[in-house]
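Peer 1: Mind looking over this structure? Questions follow.
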Amino acid sequence: MADFAGKELCGQPFRITTDKQELTAAQGLRINYSDELFPGIYQIRPHALLLERDIKPQEINFIDGELPFFFPTDGDHAFDILAASFYLVSRYEEYLPHPKDVYGRFDHKASLAFNQHFLHRPLVNEWFSAWRVRLNVTNNRHFTFLPTYDIDIAWSYQHKGWKRNTGGLIRDLLKGQFGRISERLAVLRGKRQDPFACYGWLNGLHEQHHLRPYYFFLLAEKTGKLDKNISPDSTALKALVADHAIRYPVGIHPSWQSGDTISLLGKEIHYLHDITGQSVQASRQHYIRFSLPETFRLLIENGIRFDFSMGYGTINGFRASVCTPYNWYDLSREESTELMLFPFCFMDANSFYEQRDDAATALNEMQRLFAVTKKEKGVCSMIWHNTFLGTDPLYKGWREVYEIFIRETVADRQ
């Protein structure tokens, strides 16, 4: 916590000491995190959380207001900002017994941020911003917009083979979806672009606005109910991944199946390495499926250094109440790790499938999340899928909204 708090407050980790003479003799910013009073040194009286070794339910005395907080204490600070930040950033509540959603994930409705109505705010960053003003210190961090894309289903019709396309034609026929039958046949005959193939359009958008996104590719060995991309042995998919690896950073999008059979993660990483010729260091979980601490430990064991899964797959907002990257802390082992987490605050699928928003409403939410992240000089990371950004009628208007957001919000305000 000392590393995170120091970097968040003034741009460098705190030096910790239990030597009273060293504390009183030190120059510059000094924080007294104890119950003992040292005149002239800013005091935070500690809550018990950071002194405990076991993981147990905590009593949360939530104080609402313009800048809400919890873990109130005496001292120069109204609450233990270090313990409260640790509780949120470490995802302490996800280590406790908790309800799960239909996909077996931590249910956002059980979170403190949701129930106390601050999920839409990077509250930890806001706390530290207010503290910097009070201490008259600066942090020279710069705001960054980081678009990211999950390629779960690279093409709607192309490169899927005659069996899958025949099955699709039969399903469309039984449902009376004659427009889709016509579209499928036109794409397969080369008379129309595949509705999910938006890659050239995206490249142009990135070049025009000087963006450097991350792409995450699903490379499941076998297709499944929730893993629908084509085979990683496909020439077409290999070419698509290789082309993007030349242009942008690419990462693995671990399949749903890899959450049940852990050996699959290594295989999928190996596929990506073979295609790109590069070491695989970045990941984002498919369907945002992860459990703490097991999933992140597995990523570390497989050489992943950067993960982009810290957010919800059911609602937009700040899952860890923070908009800046940070090193994951393994709470069960009481140790910091080298795995850097990049929280995301918006995902198109959340807006469309879970929040039931139309494209215009989603644009307003994106603009608001962008603004609050920019105010905190954080990293505004958002997730989009190629399926939303193509020409499929189901997602009509979403491509246009994304272009408006990039052109009018991102390009004008970076």
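Peer 1: How do the pairs read when you match residues in the stretch 35-63 that are assigned by TED's automatic domain parsing to the domain that holds Ala113 with residues anywhere that are of a type in the set (Val, Ile, Thr) and part of a helix (DSSP H, G or I), using Cβ under 8 Å and keeping only pairs 6 or more apart or on different chains?
Peer 2: Phe38/Thr24; Ile41/Thr24; Ile44/Ile81
Peer 1: Sticking with this structure for a sec: Sort out which residues of the stretch 368-414 are aliphatic (A, V, I, L, M) and over 20 Å from the mean Cα position of the chain (by Cα), and write them in order of number.
Peer 2: Leu394, Val401, Ile404, Ala411
Peer 1: Related question: Are there any pairs with C-beta distances below 7 angstrom linking a residue in the stretch 74-90 that is modelled with pLDDT of 95 or more to a residue that is in a loop (DSSP other than H, G, I, E, B) and among the polar types (S, T, N, Q), with the two at least 6 apart or on different chains, and if so which?
Peer 2: What qualifies is Phe79/Thr73; Asp80/Thr73; Tyr87/Gln58; Leu88/Ser321.
Peer 1: Among the candidates Ser351, Ser336, which residue alone is hydroxyl-bearing (Ser, Thr, Tyr) and either touching a Pro at 6+ places or on another chain (Cβ under 7 Å) or under 19 Å from Thr387 (Cα atoms) (or both)?
Peer 2: When all the criteria are applied, what remains is Ser351.
Peer 1: Quickly run through the stretch 58-74 and pick out the residues that are over 21 Å from Ala2 (Cα atoms) and either of a type in the set (Asp, Glu) or not in a loop (DSSP other than H, G, I, E, B) (or both).
Peer 2: Matches in the stretch 58-74: Glu59, Ile63, Asp64, Glu66.
Peer 1: Right, next: As an exercise: evaluate Thr235 against (1) under 25 Å from Leu272 (Cβ atoms); (2) surrounded by 15 or more Cβ atoms within 10 Å (Cβ to Cβ); (3) of a type in the set (Val, Ile, Thr) and give the number of the one condition it does not meet.
Peer 2: (2) is the only condition that Thr235 fails.
Peer 1: Go through the stretch 273-284 and report how many residues are without any contact (Cβ under 8 Å) to a residue 60 or more places away in the chain and touching a helix residue (DSSP H, G or I) at 6+ places or on another chain (Cβ under 7 Å).
Peer 2: Going through the stretch 273-284 one residue at a time, the tally reaches 5.
Peer 1: Also, quick follow-up: Among the residues of the stretch 27-57 satisfying the criterion of being part of a loop (DSSP other than H, G, I, E, B) and within 21 Å of Phe128 (Cβ to Cβ), which is modelled with the lowest pLDDT?
Peer 2: Only one residue fits best here, namely Gly28.
Peer 1: Next up: Just the residues that are assigned to a helix (DSSP H, G or I) and among the hydrophobic types (A, V, I, L, M, F, W, C), please, taken from the stretch 195-232.
Peer 2: Result: Trp201, Leu202, Leu205.
Peer 1: Could you please find all residues in the stretch 88-108 being surrounded by fewer than 18 Cβ atoms within 10 Å (Cβ to Cβ) and among the aliphatic types (A, V, I, L, M)?
Peer 2: The answer is Leu96, Val102.
Peer 1: Any idea how many residues of the stretch 252-264 are more than 19 Å from Lys238 (Cβ to Cβ) and either among the small types (Gly, Ala, Ser) or within 19 Å of the chain's Cα centre (by Cα) (or both)?
Peer 2: 4
Peer 1: Within the stretch 210-229, is even one residue over 24 Å from Phe344 (Cβ atoms), among the β-branched types (Val, Ile, Thr), surrounded by fewer than 18 Cβ atoms within 10 Å (Cβ to Cβ) and without any contact (Cβ under 8 Å) to a residue 60 or more places away in the chain?
Peer 2: For the stretch 210-229, residues over 24 Å from Phe344 (Cβ atoms), among the β-branched types (Val, Ile, Thr), surrounded by fewer than 18 Cβ atoms within 10 Å (Cβ to Cβ) and without any contact (Cβ under 8 Å) to a residue 60 or more places away in the chain: present.
Peer 1: Check whether at least one residue in the stretch 62-78 is closer than 24 Å to Ser332 by Cα, under 28 Å from the mean Cα position of the chain (by Cα) and charged (D, E, K, R), and report yes or no.
Peer 2: No: zero hits.
Peer 1: Now, a different point. What number goes with the only condition from (1) closer than 27 Å to Glu8 by Cβ; (2) surrounded by fewer than 21 Cβ atoms within 10 Å (Cβ to Cβ); (3) at pLDDT 95 or above that Asn140 does not pass?
Peer 2: Of the numbered conditions (1) closer than 27 Å to Glu8 by Cβ; (2) surrounded by fewer than 21 Cβ atoms within 10 Å (Cβ to Cβ); (3) at pLDDT 95 or above, the odd one out for Asn140 is (3).
Peer 1: Can you tell me which of Asp357, Asp348, Asp392 is without any contact (Cβ under 8 Å) to a residue 12 or more places away in the chain, out of contact with any Leu (no Cβ under 7 Å at 6 or more places or on another chain) and buried (at least 17 other Cβ atoms within 10 Å of the Cβ)?
Peer 2: Asp357
Peer 1: Condition first: surrounded by 19 or more Cβ atoms within 10 Å (Cβ to Cβ), in a helix (DSSP H, G or I) and not hydrophobic (A, V, I, L, M, F, W, C). Now tell me which residues in the stretch 271-286 satisfy that.
Peer 2: Across the stretch 271-286, the qualifying residues are Tyr271, His286.
Peer 1: Of all residues in the stretch 75-95, how many are in a loop (DSSP other than H, G, I, E, B) and within 18 Å of Met310 (Cβ to Cβ)?
Peer 2: 2
Peer 1: Next up: Write out, first by first residue and then by second, each pair whose Cβ atoms fall under 9 Å of each other, whose residues are 6+ apart or on separate chains, and whose first residue, in the stretch 111-124, is in the same structural domain as Ile81 (by TED's automatic domain parsing) and in contact (Cβ under 8 Å) with a residue 24 or more places away in the chain while the second is part of a helix (DSSP H, G or I) and among the β-branched types (Val, Ile, Thr).
Peer 2: His120/Val372; Arg121/Val372; Pro122/Val372; Pro122/Thr373; Val124/Ile81; Val124/Val89
Peer 1: Further, regarding this structure: Restricting attention to the stretch 192-208, report how many residues are touching a Leu at 6+ places or on another chain (Cβ under 8 Å) and among the small types (Gly, Ala, Ser).
Peer 2: 0
The values are calculated or read from the model by the stated rules, or taken from the named source; none is laboratory data. Here the structure is a predicted model, which is why all the values come from computation and not from measurement. When we count neighbours, we look across all protein chains shown, and the Cβ atoms used for this are built from the backbone with ideal geometry, even at glycine.
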